[in-house]
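Asks: Here it is, the structure, as structure tokens.
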Amino acid sequence: MLLASVANLRIETKSTIHSVSFSKKAQNHTHMMAIYIMHFNFVRMHKMLKVSPAIAASVTSKLREMSDKVTVLEDWDAAHAGE
């Protein structure tokens, strides 16, 4: 069977049907939203503001990079590894 989209791909096994499109766990969605909001506020330069929202609100004085975001995520993982 030829599928039109990878998002609609379904893997059928003996006991369950798994969807490949996205995770349905609320915790994973929470983590994804936190990463998106961090990127939106600290990494992304906004056209109207000419700076990031975090700089405009005086939360930080410099525009962050993707490597800064990765460092924060690695530090968080290390701190919560035992949970």
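Asks: Can you put M66, M32, M48, M38 in order, fewest other beta carbons within 10 Å first?
Replies: So the residues, fewest neighbours to most, are M48, M66, M32, M38.
Asks: A follow-up question, please. What is the fewest-to-most order of D75, D68 by other Cβ atoms lying within 10 Å of their Cβ?
Replies: D75, D68
Asks: Subtract the Cα-Cα distance of H29 and M45 from 0.36 nm times their separation in residues, and report this length gain in nm to one decimal. Walk me through the numbers before you get to the answer.
Replies: On the way: separation 16, 0.36 × 16 = 5.76 nm, distance 2.42 nm.
Between H29 and M45, full extension yields an extra 3.3 nm.
Asks: Mind putting a number on the dipole of the range 24-79 about its Cα centre? Charges go on the C-beta only, +1 for Lys and Arg and -1 for Asp and Glu, and I need it in Debye to the nearest 20.
Replies: The calculation lands at about 360 debye.
Asks: Can you sort K69, K25 from fewest to most other Cβ atoms within 10 Å of each residue's own Cβ?
Replies: K25, K69
Read the figures in this text as sums done on the coordinates, not as results from a lab. Fair warning: this is a prediction, and the values are worked out from it, not measured in the lab. Cβ sites come from the backbone with ideal geometry, for glycine too, and all protein chains shown count toward neighbours.
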